[in-house]
Amino acid sequence: MRKSLLALGLMAAATTAPVMAADYSDGDIHKNDYKWMQFNLMAAIDELPGESSHDYLEMEFGGRSGIFDLYGYVDIFNLATNKSSDKAGAAKSFMKFAPRMSIDGLTGKDLSFGPVQELYVATLFEWSGDSEGAFGVNNQKVGLGSDVMVPWLGKIGLNLYGYYDGNEKDWNGYQVSTNWFKPFYFFENGSFISYQGYIDYQFGMDDKAGNKFGSTASNGGAMFNGIYWHSDRYAVGYGLKAYKDVYGIKDSSGLKSSGVGHYFAVTYKF
């Protein structure tokens with residue numbers, strides 16, 4: 001529910017955007033601009049917490065414009081409004097927006113060092129489509145972001161956020177997130193197979209009994225590992241997602257929050 005096929009702007013851009021350290025000394029902040037959009041038809045099997053299996057349509061987009069880097073998506077669940085669906089009676093939609101502002105571009109200086117290519121003020125907003133007044137996902141995160149070169153994987157995004165609970169109007173721990181997109185096998189027709197994924201890990205959460213955030217674990221997160229075939233217009237893939245006390249919910253017999261889920265995707269790229 002919280003993440004899906006790509007879940008990161010850098011991944012979709014990786015095959016078109018050049019891999020280089022940011023350099024805005026010439027004053028041209030738009031020289032690396034790009035944009036993309038795609039629709040993903042998804043099937044989730046045993047998604048945690050709660051081992052939910054369901055379908056959903058994801059409208060995913062991202063790009064770069066000047067000093068701003070953007071990733072986002074909107075998920076629509078239970079497309080046929082099936083009363084027997086695991087999503088029946090639940091929120092119909094979920095949205096994520098993750099704009100980052102380049103510090104290099106803002107200052108006009110090359111702040112790269114070692115494997116770090118660019119620094120950002122990173123933000124992340126997550127909302128579910130519950131009715132107003134009902135409990136739902138309402139999180140805002142802000143912190144320091146970066147693009148980092150690592151062996152084999154190439155350029156990854158790496159962000160550290162402070163976690164703000166919009167429902168409780170208070171801070172509750174931190175989150176570190178990373179993402180990657182690595183084409184590793186190419187066909188003669190130009191299509192390729194990639195290894196792509198992400199890690200979201202929360203820590204420092206309040207896990208005292210009866211705390212107002214509902215967190216029962218001080219840390220937890222998820223790692224998505226996907227293998228996808230890509231062409232210029234389509235993609236098809238499978239992802240295995242490993243969970244550990246995800247969203248600060250301690251795994252229990254009453255609500256499973258640790259384990260693995262499976263995701264199948266068919267994508268059309270605009």
GNM result for the chain, Cα springs below 10 Å: residue of GLY166, GLY114, GLY66 fluctuating most strongly = GLY114
Anyone know which of PHE61, PHE186, PHE125 comes out most mobile in the 10 Å Cα GNM of the chain?
-> PHE186
Mean ellipticity per residue at 222 nm, deg cm²/dmol - from DSSP H runs of n ≥ 4 across the chain, formula -39500 (n - 2.57) = -500 deg cm²/dmol
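Which order do THR216, THR107, THR267 fall in if you start with the one that has the fewest other Cβ atoms within 10 Å?
Final ranking by Cβ density, sparse to dense: THR107, THR216, THR267.
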Over segment 191-270 - Rg/Rh using Cα atoms and the Kirkwood inverse-distance radius | 1.16
The ³J(HN,Hα) series, computed from each phi in segment 157-167 with the Karplus coefficients 6.51, -1.76 and 1.60 at θ = phi - 60°, rounded to the nearest Hz and given as x for glycine or proline, is x, 9, 10, 10, 10, x, 9, 10, 8, x, 6
C-alpha center-to-center spacing [segment 51-74, segment 223-242] in angstrom = 15
Rounded to 0.05, the calculated FRET efficiency for the beta carbons of TYR234 and LYS109 at R₀ = 35 Å is 0.30
What is the spread of the Cα atoms of segment 9-269 along each of their three principal axes, largest first, in whole Å?
-> 56, 44, 33
Please arrange LYS169, LYS250, LYS155 by counting, for each residue, the other beta carbons lying within 10 Å of its beta carbon, fewest first.
-> LYS169, LYS250, LYS155
Which one of ALA80, ALA44, ALA122 has the biggest mean-square fluctuation once the chain is modelled by GNM with Cα springs under 10 Å?
-> ALA80
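Read-outs: derived from the displayed coordinates by stated rules, not from any lab. What you see is a predicted model, and the numbers here were worked out from it, not measured in a lab. All Cβ positions, glycine included, derive from the backbone under ideal geometry; neighbour counts span all protein chains shown.
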